[in-house]
Amino acid sequence: MSPSSRGTGPRAVAINVAANTNLPGVRGPVHPDGRFEYVPIPERKPTRERVPTYADLDLETEIPEAERESPVHFDPEFPEAGGERYTYGDEHGVKARPLSELERGDHLLFYATLSQVGEPAPWQAPEWGAYLIGAFRLARDAVTGEAYRDLPPEERAPFRNNAHVKRADFDARVLVLGDPDGSRLLDRAVPLSGREGGTAANRIVTDLSADSGRGPWWRRPLRFDAEATEELLAVIDGHAVERCF
């Protein structure tokens, strides 16, 4: 299925974000009722101003001692987690390319690998899995890094708290701004992994997205055409996890 093969209307791209076993060495938790914690990755580049460290955040997750004083790369930015607006930036071409094609009204979805806390629910993978944790509805077309540099000050202002804008050397290849009326950090995670394990893709990946679900799919951008996006948003809004399998 190609991303544009079914229907017309808003499309979606889902990308992997947040803490993992490489950075900072631990995943955020997910509970049997779907509650989870969004844990940003560490900031690895110099910033123009001080940004919070893990020690500054009120986290359930136990951060490795070596990383507790590390500044965080708070991207995506969610007001529910202490941000100003719904923004996201990326300097990596593998993500920036599909994101730069998104237009106003399209959706940018975020997924993370999360570690299971307690006995998993029937819809959860044991030990760890990939889960949708947030969603933006674009307030404007995605902005390339080159275009951002030429924007007038009033159009650049909504991005001022984005982690890439705060870097000493602005490096985003794309910036995305979410509409507050259609964007949010989810209350409960929605599974992308199968019940049998984290590396197994469920039908959200294999049937709705343009990805095969083979190999390390949980690291790749996932594209959804208009019809698939409509179904996926219904699953998210109703936390209809049974429709993921």
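The values are calculated or read from the model by the stated rules, or taken from the named source; none is laboratory data. Quick caveat, the model's predicted, so the values are computed rather than measured. Cβ placement follows ideal geometry from the backbone for every residue including glycine, while neighbour counts extend to all protein chains displayed. The accessibility values were calculated without ligands, DNA or RNA, using every heavy atom of the protein model including side chains. Shrake-Rupley method; radii C 1.70, N 1.55, O 1.52, S 1.80 Å.
Quick one: would you say residue 63 is more than 18 Å from residue 178 (Cα to Cα), among the β-branched types (Val, Ile, Thr) and either modelled with pLDDT of 95 or more or open to solvent by 80 Å² or more (accessible area, probe 1.4 Å) (or both)?
yes
Hey, among the residues in the range 93-124 that are over 19 Å from residue 232 (Cβ atoms) and among the hydrophobic types (A, V, I, L, M, F, W, C), which one's surrounded by the most Cβ atoms within 10 Å (Cβ to Cβ)?
Ranking the qualifying residues of the range 93-124, first place goes to 96.
From the list 87, 113, exactly one residue is within 14 Å of residue 138 (Cβ to Cβ) and among the polar types (S, T, N, Q). Which is it? It would help to see each step written out before you state the result.
On the way: 113 fails: within 14 Å of residue 138 (Cβ to Cβ).
The match here is 87.
Only one of (1) surrounded by fewer than 16 Cβ atoms within 10 Å (Cβ to Cβ); (2) assigned to a loop (DSSP other than H, G, I, E, B) fails for residue 157. Which number is that?
Result: residue 157 fails condition (2) only.
Being assigned to a loop (DSSP other than H, G, I, E, B) and not hydroxyl-bearing (Ser, Thr, Tyr), is that true of even one residue in the range 126-136?
yes
Inspect the range 72-83 for any residue being touching a helix residue (DSSP H, G or I) at 6+ places or on another chain (Cβ under 9 Å), in a strand (DSSP E or B) and among the hydrophobic types (A, V, I, L, M, F, W, C) and give the result as yes or no.
yes
Quick one: in the range 66-78, which of the residues that are of a type outside the set (Val, Ile, Thr) and under 18 Å from the mean Cα position of the chain (by Cα) is surrounded by the most Cβ atoms within 10 Å (Cβ to Cβ)? Talk me through it step by step, then tell me what you get.
Our first condition is that a residue be of a type outside the set (Val, Ile, Thr); within the range 66-78, this holds for 66-71, 73-78.
Within this subset, residues satisfying the condition of being under 18 Å from the mean Cα position of the chain (by Cα) are 73-78.
Values: 73: 20, 74: 22, 75: 23, 76: 28, 77: 23, 78: 24.
Per the stated criteria, the residue is 76.
Name the single residue that is nearest to residue 224 (Cα to Cα) among those in the range 185-198 being out of contact with any Asp or Glu (no Cβ under 7 Å at 6 or more places or on another chain) and buried (at least 17 other Cβ atoms within 10 Å of the Cβ).
Among those residues, the one meeting the criterion is 192.
Return the residue satisfying two criteria in turn: it lies in the range 18-51 and is part of a loop (DSSP other than H, G, I, E, B) and touching a Gly at 6+ places or on another chain (Cβ under 8 Å), and of such residues it is nearest to residue 79 (Cα to Cα).
Here is the first cut: in the range 18-51, the residues part of a loop (DSSP other than H, G, I, E, B) are 18-19, 21-23, 25-27, 31-35, 37-40, 43-46, 48-51.
Next, from what is left, pick out any that are touching a Gly at 6+ places or on another chain (Cβ under 8 Å): 18-19, 31-32, 37-39.
Numbers: 18: 16, 19: 18, 31: 22, 32: 25, 37: 14, 38: 12, 39: 14 Å.
Only one residue fits best here, namely 38.
In this structure, is residue 85 more than 20 Å from residue 156 (Cβ to Cβ), open to solvent by 40 Å² or more (accessible area, probe 1.4 Å), of a type in the set (D, E, K, R) and over 13 Å from the mean Cα position of the chain (by Cα)?
Criteria not met by residue 85.
For the range 162-171, check the following and say yes or no: at least one residue is surrounded by fewer than 19 Cβ atoms within 10 Å (Cβ to Cβ), basic (Lys, Arg) and not in a strand (DSSP E or B).
no
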